[in-house]
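Q: My structure is below; once you've seen it, I'll send some questions.
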Amino acid sequence: MSLYGLIRPLLFALDPETAHRLTLALLEKSFYSNSAPRQPVQAMGLEFPNPVGLAAGLDKNAEHIDALARLGFGFLEVGTVTPRPQPGNPPPRMFRIARQQAVINRFGFNNVGIDEFLRNVARASWKGILGINIGRNADTPVERAVEDYEACFDKAYARASYVTINVSSPNTKGLRSLQEKEALEQLLSRLSGKRKTLAQSHGKHVPLVLKVSPDLEIQEIANIAAAVRRHRIEGVIATNTSLTRDGVAELKNGQEAGGLSGAPIRNRATQVLRRFSDLLKGEATLIGAGGICSRADAREKFAAGASLVQLYTGLVYRGPRLVGECVL
């Protein structure tokens, strides 16, 4: 049995958010490392040492970059970060559904704000590929959301290997409306325009990635793919968490409000990934996320068109060994 297998029962006896904080604290204080095979992937103008990354949400404040880098990831994505600090939704706000290897969370972008977040990034010694996931403050009106994304993009640009535009979390009211045709057009137009200025002033080109919902209809996927192509967005993460309750509705915690992640959304997320692959035909890098709990799950994402994959909920149930499994 792995070390994580030994301590998991103790962690699962705790409230999930407490266990989350404790796990990261233990990781900081330990010398644990988990090497993964080198399997380079060229994508978005970057070379990834291997195609398995950490999804945003696990290290919201970029406080644990060096510790997480020791787990063998080919890249890390931190955040979601907003312009101003915010506490997020009141706890309890994270719920395990162990029978289905699932989690429901309604954190609501709790974070320290972009300035403190970037100070944390600057303190990290790891120099690998770092994605910074940006969002809108909960009290910013939807019609002014673009301003929040621009503010974060402007400040994060110098430190980021790529920047992810999060318009798909279900836990900030109105956020998913930014995936709608006109709103997304405005957002991507403003950010791609701002990038031209930032690229000149910083002397580097930072790829933009769009993180989408698994709950999209076919026409919505088509509209988003067209906008990605039109504004030359380099990547799409498919997908975020789901508002569906497939496979968990009758289980304890299955009706809690928030986004469902883990094994129950795997098929839904892969279907969305496959549709983007069919529409974009290699014009943007696809990053598969959602329900990866085994090597076979990662293989399924690659077969559906992903060049890279990201893990989060699978780590809760399988621990760090999942990283190396998914690389092979």
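Q: In the set 249, 222, which member is among the hydrophobic types (A, V, I, L, M, F, W, C), modelled with pLDDT of 95 or more, farther than 26 Å from residue 47 by Cβ and part of a loop (DSSP other than H, G, I, E, B)? Working first, answer last.
A: Numbers: 222 fails: part of a loop (DSSP other than H, G, I, E, B).
Sole residue among the options that is among the hydrophobic types (A, V, I, L, M, F, W, C), modelled with pLDDT of 95 or more, farther than 26 Å from residue 47 by Cβ and part of a loop (DSSP other than H, G, I, E, B): 249.
Q: Looking only at the range 67-101, count every residue that is within 16 Å of the chain's Cα centre (by Cα), among the hydrophobic types (A, V, I, L, M, F, W, C) and not in a loop (DSSP other than H, G, I, E, B) and tell me the total.
A: Qualifying residue count, the range 67-101: 6.
Q: May I pose another question? For the range 140-175, give me each residue that is assigned to a helix (DSSP H, G or I), farther than 18 Å from residue 110 by Cα and not hydrophobic (A, V, I, L, M, F, W, C).
A: Answer for the range 140-175, where residues must be assigned to a helix (DSSP H, G or I), farther than 18 Å from residue 110 by Cα and not hydrophobic (A, V, I, L, M, F, W, C): 143, 144, 147, 150, 154, 155.
Matching residues to (1) under 16 Å from residue 124 (Cα atoms); (2) surrounded by 23 or more Cβ atoms within 10 Å (Cβ to Cβ):
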residue	(1), (2)
36	no, no
48	no, no
53	no, yes
56	no, yes
62	yes, yes
71	yes, yes
74	no, yes
77	yes, yes
84	no, no
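Q: Every residue in the range 289-304 that is assigned to a loop (DSSP other than H, G, I, E, B) and surrounded by 24 or more Cβ atoms within 10 Å (Cβ to Cβ), please.
A: 289, 290, 291, 292, listed by residue number.
Q: Please indicate, with yes or no, whether at least one residue in the range 305-313 is in contact (Cβ under 8 Å) with a residue 12 or more places away in the chain, under 24 Å from residue 9 (Cβ atoms) and assigned to a helix (DSSP H, G or I).
A: yes
The values are calculated or read from the model by the stated rules, or taken from the named source; none is laboratory data. Because the structure is a prediction, the values reported are computed rather than measured. All Cβ positions, glycine included, derive from the backbone under ideal geometry; neighbour counts span all protein chains shown.
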